[in-house]
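Take a look at the structure set out below.
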Amino acid sequence: MPKVISLRPLKDFYDLDVYPSRDITVMELGASSTLLKQEILKSDGIILPAVGSKLDSSLFEGSKIKLIQVTGAGFDRLNVAELSALGIPVANIPGGSASAVSEYVVSVALSLLRNLNYCTKSIIKGEYSSLRNEMISAGINQLSGLTVGIIGYGKIGRSVHDAFEFFGANVKFYDPFVKGGCELNDVLRDADLVSVHVPLSDETKNLLGNNELKLLKSGAILINASRGGIVPEELIVQLLNQNHLGGAAIDVFYEEPVPIQNCFLKLNDKAAQRIILTPHMAGISRQAWRTLFEKSWANIEKVVLNNAAPEFVVNNNE
């Protein structure tokens, strides 16, 4: 009977009524387990979450692993080039959480445009009347008529495009691999709000650095729900403290969990009112996870039970 190692707790699957085939032996292990190397040598496949510590490719040397399946879109915890050299395919599930991410992005955009966090705290402090006058004087924007720039136009980027367009925003996108887009600098200059949706790679690390972000309009909003490392965290903090950025929503970080010395935790008081920080949850919903889990196990079963070629292989795209 084929054996598959799950680095995701099996309870995650069972809670959503997703079960692997009874024709597969499944072993749950932690990524740091001392048994991992020896069990990989006895296994046919491995299934793991997209978020977590990096896995050393040496774990797979000499194995008969037919597929490493990620239960999400990101695969940056794996060195795909090294695994390709070992002849091991890696697959993800592109776009399975697209709807959840687009809901998140629009939600935080609206919250930032309308200063909802600040409003709540001010009313709790008894500042209702002065707050209302302040909000009227501030000239609140709605999404309709604003220009939204999307960086990365895969399935998630397109879903985010559709969501903003529904609210009447004008949408431009940058993606060097997709026809019909705009130049990166043009998107950044024109956008009232920028949303980042690219994978983390050598090419995208610090993609939006100082030269790029200084092109943004004063008061623009930045949202990153892709991966930490694409936009320098220190630069976001600097632009918030200088009031160049009107707001930011950050769902992903250089280091996760976020350490106490992270620069976002040291924002000045005014800047802290214009930021939303969330724990890498943009793509999390029961509906999205069910889709991701079902497709992940279907791909594993296709390979280890039917000896068929896997879908969604990323080895040629790293």
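Among all residue pairs at least 6 apart or on different chains, which show Cβ distances below 6 Å where the first residue, located in the range 249-274, is in the same structural domain as Lys121 (by TED's automatic domain parsing) and the second is surrounded by fewer than 17 Cβ atoms within 10 Å (Cβ to Cβ) and in a loop (DSSP other than H, G, I, E, B)?
Going by the 6 Å Cβ cut-off, the qualifying pairs are Asp251/Thr278.
Please go through the range 37-58 and give me each residue that is crowded, with 17+ Cβ neighbours inside 10 Å, among the aliphatic types (A, V, I, L, M) and without any contact (Cβ under 8 Å) to a residue 60 or more places away in the chain, ordered by number.
Listed by number, the residues that qualify are Ile40, Ile46, Leu48, Ala50, Leu55.
Given the condition within 19 Å of Val198 (Cα to Cα) and of a type outside the set (Phe, Trp, Tyr), answer yes or no: does some residue in the range 234-242 qualify?
Here is the first cut: in the range 234-242, the ones within 19 Å of Val198 (Cα to Cα) are 235-236.
Now drop any that are not of a type outside the set (Phe, Trp, Tyr), which leaves 235-236.
Yes: one or more hits.
Residues to consider are Asn185, Asn210; find the one that is polar (S, T, N, Q), more than 30 Å from Lys54 (Cβ to Cβ) and exposed (fewer than 15 other Cβ atoms within 10 Å of the Cβ).
Values: Asn210 fails: more than 30 Å from Lys54 (Cβ to Cβ).
After ruling out the rest, the residue left standing is Asn185.
Among the residues of the range 156-181, how many are surrounded by fewer than 16 Cβ atoms within 10 Å (Cβ to Cβ) and farther than 23 Å from Asn141 by Cα?
The qualifying residues number 5.
Search the range 190-210 for residues that are among the small types (Gly, Ala, Ser) and pair each with any residue that is assigned to a strand (DSSP E or B) when their beta-carbon atoms are under 6 Å apart and the residues are at least 6 apart or on different chains.
Within 6 Å, the pairs are Ala191/Thr147; Ala191/Gly149; Ser195/Ile150; Ser195/Ile223.
I need the helices (runs of 4 or more DSSP H) fully contained in the range 73-149, keeping only those with at least 2 residues that are within 16 Å of the chain's Cα centre (by Cα) and in the same structural domain as Ile223 (by TED's automatic domain parsing). Spell out how you get there, then give the answer.
Details: elements: 80-85, 98-113, 116-124, 128-138.
By residue number, 98-113.
Out of all the residues in the range 1-60, which are assigned to a loop (DSSP other than H, G, I, E, B) and of a type in the set (Phe, Trp, Tyr)? Working first, answer last.
Step one: filter the range 1-60 for residues assigned to a loop (DSSP other than H, G, I, E, B), giving 1-2, 7-9, 15-24, 29-35, 41-44, 49-56.
Within the range 1-60, just Tyr19 meets the criteria.
Among the residues of the range 104-121, what is the count of those that are more than 16 Å from Ile140 (Cβ to Cβ), buried (at least 18 other Cβ atoms within 10 Å of the Cβ) and out of contact with any helix residue (DSSP H, G or I) (no Cβ under 7 Å at 6 or more places or on another chain)?
Residues in the range 104-121 being more than 16 Å from Ile140 (Cβ to Cβ), buried (at least 18 other Cβ atoms within 10 Å of the Cβ) and out of contact with any helix residue (DSSP H, G or I) (no Cβ under 7 Å at 6 or more places or on another chain): 1 in total.
The conditions are (1) of a type outside the set (Val, Ile, Thr); (2) surrounded by fewer than 16 Cβ atoms within 10 Å (Cβ to Cβ); (3) under 22 Å from the mean Cα position of the chain (by Cα), and Gly228 fails exactly one of them. Which is it?
(2)
Looking at Val178, Val196, can you tell me which residue is under 20 Å from the mean Cα position of the chain (by Cα) and either closer than 25 Å to Ile284 by Cα or modelled with pLDDT under 95 (or both)?
Working: Val178 fails: either closer than 25 Å to Ile284 by Cα or modelled with pLDDT under 95 (or both).
Exactly one residue qualifies, and that residue is Val196.
Using the structure shown, decide if Tyr153 is under 25 Å from Gly52 (Cα atoms), among the hydroxyl-bearing types (Ser, Thr, Tyr), crowded, with 18+ Cβ neighbours inside 10 Å and under 20 Å from the mean Cα position of the chain (by Cα). Give the derivation first.
On the way: under 25 Å from Gly52 (Cα atoms): yes; among the hydroxyl-bearing types (Ser, Thr, Tyr): yes; crowded, with 18+ Cβ neighbours inside 10 Å: yes; under 20 Å from the mean Cα position of the chain (by Cα): yes.
Judged against the criteria, Tyr153 is a match.
Suppose we filter Asn243, Asn299 for residues that are touching a residue at least 24 places away in the same chain (Cβ under 8 Å) and in a loop (DSSP other than H, G, I, E, B); which single one remains?
Values: Asn299 fails: in a loop (DSSP other than H, G, I, E, B).
Of Asn243, Asn299, the one residue that is touching a residue at least 24 places away in the same chain (Cβ under 8 Å) and in a loop (DSSP other than H, G, I, E, B) is Asn243.
The values are calculated or read from the model by the stated rules, or taken from the named source; none is laboratory data. What you see is a predicted model, and the numbers here were worked out from it, not measured in a lab. Every residue, glycine among them, receives a Cβ derived from its backbone with ideal geometry; neighbour counts consider all protein chains shown.
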